[in-house]
1. Go through (1) among the β-branched types (V, I, T); (2) under 30 Å from K6 (Cα atoms); (3) at pLDDT 75 or above and name the single condition T94 misses.
2. When segment 14-26 is examined, which residues are found to be under 18 Å from H37 (Cα atoms) and touching a Phe, Trp or Tyr at 6+ places or on another chain (Cβ under 9 Å)?
3. Can you tell me which residues in segment 65-89 are more than 28 Å from the chain's Cα centre (by Cα) and surrounded by 10 or more Cβ atoms within 10 Å (Cβ to Cβ)?
Amino acid sequence: MTSYNKPHLTYQQQLELLKYRGLVVKDEQFAIIKLQHISYYRLSYECKGKISKKSIPKNFLEEIQKELSRIDKPLIKKIENFISKYPLFSVLVTFVFSTVVNLFSNWLWEFIK
C-alpha cells in the first residue's frame, strides 16, 4: 500500500493553491461550491495536459478582452444587418462558398495522392 505525505487541504486552501498557480477567480464562493462538486484533484488531473507548468499572467484575460474590444464592431453590425435583411441570399452565398471549398479540397486531395 502506498502512503501519501501530502496533508489534506480544505476547500479554501485548495482555492488558494489554485489562485497561487495562476487561476483567476472572480467569485470565490462559487469556486468553492464547484470544488466541492468536482474536487481539486479531479480538476487538476483533467487540466494537466491543457495547462503548462508556467503560470498564466494575472492580467491575461484582461488583455484578451482588450484585444477583442478592438474589433471593428460597426463592420460586424453591418454584416449582421445584411444577413437579417437578406437571409436567403446569405444562405446561398454560404452554400456556394462551402461547395467551392469542398470542390477545391477534393481536387487538392486527388492532386496530392
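The values are calculated or read from the model by the stated rules, or taken from the named source; none is laboratory data. Just so you know, these numbers come straight off a predicted model, no measurement behind them. In this analysis, Cβ positions are derived from the backbone assuming ideal geometry, glycine residues included, and neighbour counts consider all displayed protein chains.
1. (2)
2. Hits for segment 14-26 are Q14, L15, L17, L18.
3. Correct list: F82, Y86, P87, F89.
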